[in-house]
Amino acid sequence: MAHRTFGGVTVDESIDRGTVTVDREELLGFGGRYDPLASHTDPAAAAEPPFGGIVASGIHTFVLTQPPVVEALYVDSDVIAAGRVESLRFPAPVRPDDTLAGDLEMRDETVWAR
């Protein structure tokens, strides 16, 4: 991808942000440190309904999406920040070895002044 400037961002553009695979040990470690519910930290307890196995927390799922966004948009770009997240959905539980994919949609362009 060529170097992007703020002026090169197109409203309604959709940017493929690649994929990331969920690592079991990272999932358990993140859950233990930041979201210590049994469904994120205890495989035996998580085996019970409603999930039937260990799952990533929503917070961890969101965090996993950031490195691909940085690679797809920010690394070679003058675009330095996203002002807000308007939509975030977790349509299914995220489990170890799942591969997450998605895209980033540019809804508007705004310049913030200090």
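Quick note: the coordinates plus some simple rules give every number you see, no bench work behind them. This is a predicted model, so every value here is computed, not measured. As a convention, Cβ positions derive from the backbone with ideal geometry for all residues, glycine included, and neighbour counts pool all protein chains shown.
May I ask you to give the average projected area over all directions of the convex hull of the Cα atoms of the range 15-104, in nm² rounded to one decimal? With every direction weighted equally, the projected area is 6.3 nm².
Quick one: which of 36-48, 90-102 comes out on top by average Cβ neighbours within 10 Å, and what's the full order, highest first?
Highest mean packing first, the order is 36-48, 90-102.
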